[in-house]
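The values are calculated or read from the model by the stated rules, or taken from the named source; none is laboratory data. These figures come from a predicted structure and were not determined experimentally. Cβ coordinates were reconstructed from backbone atoms using ideal geometry, including for glycine residues, and neighbour counts include every protein chain displayed.
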Amino acid sequence: MSALPERPIAVFDSGVGGLTVLHELLVSLPTEDYLYLGDTARFPYGDRGQAELRTFAIEIADHLLDQGAKLLVVACNALSSSALDALELHIGDRLDVIGVVKPATQLAVAGSRTGRIGVLATPATVASAAYERAVRDADAHVHLESVPCPDLAPIIQGGFPFDEDVVDTVRSYCAPLKAAGVDTVILGCTHYPLVAPLLQRVLGRGVTLVTSGAGVARSVERALAARNLLNPRQSEGDYRFQCSADVESFRALGTRFLQMPLGDVMHVEVASTVPA
Ligand code: DGL
């Protein structure tokens, strides 16, 4: 296996949502190699329970460690909310594990003028109350309005185009945030930045949308620098993709969302048990 700094950064999600985080990593750390895994066979994660999500996170982490990852990016809010502590415990100090909840919360809390912020997320993320805890830790006086959006990630993972029903669904998810008068909205699922234009239109110009990608990229850079693990090469790095269900549909959807060819997507089995 290659020397540690030359190994890939592993990024994972239930599907294509984590590509929004990978995009920011490619912008900020272009000389690194990346290995992206979408656990599409078990998508969606957003309606699963905490115990199951912890099992999934550990199974995926073990798979990515076997592939030689030098750092893990949990590019999924459902997993970051419910399984980050279990994952950190499992990994110990072998390598750094970076989640998406804290970076997004810090940006939102720092940027809000009114101290009233919202989060749109999957039911699993909302049920975990991870954003409530993160906001309280950042500033106990900031009010957070949380809205579960059970259908939004499946709509995005299913591909476009959108019809009127989808727009109505998005309107209904945004309505409580408009009623609460928030000035900042965290996109608390990594799939949602893929529909940022639609969300921005529904919420209006006065609302700032916050995603975790750029903050995650900064945390990754600091973590690698602290362990002397930044890739020393000067040229652009490499990237490869794996998923646990149909590779062709992953490649087609991912190529469109990431706006670059994914190349060959490898099929992998990460589940040690039959999906529920
Ligand atoms: N993209 C994932 C997240 O950030 C989950 C979507 C899903 O699998 O429900 O939560």
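Couple of notes before you dig in:
- Residues (free of Cβ contacts under 8 Å to residues at least 60 places away in the same chain, more than 25 Å from Gly15 (Cα to Cα) and either within 16 Å of the ligand (Cβ to nearest atom) or surrounded by fewer than 18 Cβ atoms within 10 Å (Cβ to Cβ) (or both)) located in segment 84-131: Gly92, Asp93, Arg94, Ala110, Gly115
- Residues satisfying the stated conditions in segment 29-67, i.e. over 13 Å from the mean Cα position of the chain (by Cα), charged (D, E, K, R) and either surrounded by fewer than 22 Cβ atoms within 10 Å (Cβ to Cβ) or closer than 20 Å to Ala124 by Cα (or both): Asp33, Arg42, Asp47, Arg48, Glu52, Arg54, Glu59, Asp62, Asp66
- Residue identified as part of a helix (DSSP H, G or I) and out of contact with any helix residue (DSSP H, G or I) (no Cβ under 6 Å at 6 or more places or on another chain) among Val167, Val182: Val167
- When Leu199, Leu194, Leu229, Leu224 are checked against the criterion of being touching a residue at least 12 places away in the same chain (Cβ under 8 Å), more than 16 Å from the ligand (Cβ to nearest atom), surrounded by 16 or more Cβ atoms within 10 Å (Cβ to Cβ) and assigned to a helix (DSSP H, G or I), Leu224 stands alone in meeting it.
- None of Leu199, Leu230, Leu209, Leu224 is closer than 19 Å to Pro150 by Cα and within 23 Å of the chain's Cα centre (by Cα) except Leu199.
- Looking only at residues of segment 66-83 that are under 13 Å from Pro103 (Cβ atoms) and of a type in the set (A, V, I, L, M, F, W, C), we find that the one that is farthest from the ligand (Cβ to nearest atom) is Val73.
- Set Lys102, Lys70: member being basic (Lys, Arg) and under 17 Å from the mean Cα position of the chain (by Cα): Lys102
- Residues of segment 1-46 that turn out to be outside any helix (DSSP H, G or I) and in contact (Cβ under 8 Å) with a residue 60 or more places away in the chain, as a count: 29
- Count - residues of segment 1-28 that are buried (at least 19 other Cβ atoms within 10 Å of the Cβ), more than 16 Å from the ligand (Cβ to nearest atom) and either at pLDDT below 95 or charged (D, E, K, R) (or both): 1
- Residue that is nearest to Val270 (Cα to Cα) [pool: residues in segment 45-56 that are more than 12 Å from the ligand (Cβ to nearest atom) and of a type outside the set (D, E, K, R)]: Thr55
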